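There's a structure below that I have some questions on.
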Amino acid sequence: MAVRRLAPAEVQPSSFAFTAENAVWAGEQIAKYPEGRQASAVISLLWKAQEQCGGWLPEAAIRNVAELLGMAYIRVLEVATFYTMFNLEPVGKYFVQLCGTTPCMVRGAGALRDALQARFGDQHHVSADGNFCWLEVECLGACANAPMVQINNDYYEDLTPESLNTLLDDLAAGKPVKIGPQNGRTSSEPAGGLTSLTDPALYDGSVIGTWKKRFEEEEAKAKAAAEEKAKAEAAAAAAEAAEVKEPAKSAGTRPEQQAADTPAERVAEGKAPVSAEDKTKAAPTNPPEEHERAKDKGAVPTVGGKPSDPDDKAKG
Ligand code: FES
């Protein structure tokens, strides 16, 4: 990026003041911000000052904006020199900004730059009649119509060196020019005609009802299917519930019976929890005496398949 300095003293006006109309406008911009935040209007005011000065910002205008906003001059100067939208030197009646960023460059911005150089000389140089000067800038956001230039506040797109020269000739002659694409396009539609959404019915208002009807039919179909599914699910759930209520009487399976003569029942009937018969059954099968007799005979009685030793019980 080039160093951005104020224009030489010989071209600087001695003073600047907004016109009455612009002063009112400036007051409205400042009033948009809360008390103490008037500095937020700095770009708006600098832009209006540049417009009033014929497309560039003299030092006096920068100082005037600083006073209006209660800002230090250096703060406003920083803004004016940082943003390339502010021109610090006089420009021609038609200020041509050529986009030189990649999309425009691959689409022929180099040839446009050569055409401008050949016609007007170096950048920043105002033509002898005071009508033109040009500058290469970064992307202007119209890449879909590359290559392009901005002249004052308007875009001219889809340019070739020939169409650019024709455009500049017309401007110089004071003829009306067409803003926007210069190759017959309306905006950024495909240059070779439509390649998708080519069905004319899409753009035929008279068939809108047909599409609407089809949507309604599809909606009704989906609704009916959902209802059918809900009914089937409800029927399945009811059948399952009925099965749980009536257990199947399957052949060969004895119905479950309540256990009889349990300790709880015996206690409820006022009897001992363990019957005499159960006690007998639970008595040890190998009493100690029997164990000793077995030992003497060389046969050790077993419990659960393992040799049992009454001494172990005593130890335990
Ligand atoms: S690259 Fe040129 S307009 Fe974006």
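Give me the number: length gained by fully extending K212 to E227, i.e. 0.36 nm times residue separation minus the C-alpha to C-alpha distance, one decimal in nm.
That pair, K212 and E227, stretches by 3.1 nm at full extension.
Compare the peptides 215-225, 169-179 by average per-residue count of other Cβ atoms within 10 angstrom and give them in order, highest first.
Top to bottom by mean Cβ count within 10 Å: 169-179, 215-225.
Okay, moving on. Skipping prolines and chain starts, which residues have an amide H placed within reach, meaning under 5 Å, of the one on Y155, given they are 5 or more residues away or on another chain?
G180
For the stretch 94-181, calculate the relative contact order in percent as a whole number, restricting contacts to Cα pairs under 8 Å that are 6 or more residues apart. If you can, show how the numbers build up before the last one.
Details: 142 pairs, mean separation 29.2, N = 88.
Relative contact order for the stretch 94-181 comes out at 33 percent.
Rank by packing, highest mean first: peptides 185-192, 136-143, with packing defined as the count of other Cβ atoms within 10 Å averaged across residues.
136-143, 185-192
On to the next question. What nm distance separates the two modelled labels at A235 and A172, each placed 7 Å from Cα along Cα→Cβ?
It works out to 8.8 nm between the two label points.
In whole Å, what are the extents of the stretch 9-82 along the principal axes defined by its C-alpha atoms, from largest to smallest?
39, 26, 18
Between A72 and K245, what is the label-to-label distance in nm when each label sits 7 Å out along the Cα-to-Cβ direction?
8.9
We did not get these values from a lab; they are worked out from the coordinates using the rules stated. Keep in mind it's a predicted model, so treat the numbers as computed, not measured. Glycine also receives a Cβ, built like all others from the backbone with ideal geometry; neighbour counts cover every protein chain displayed.
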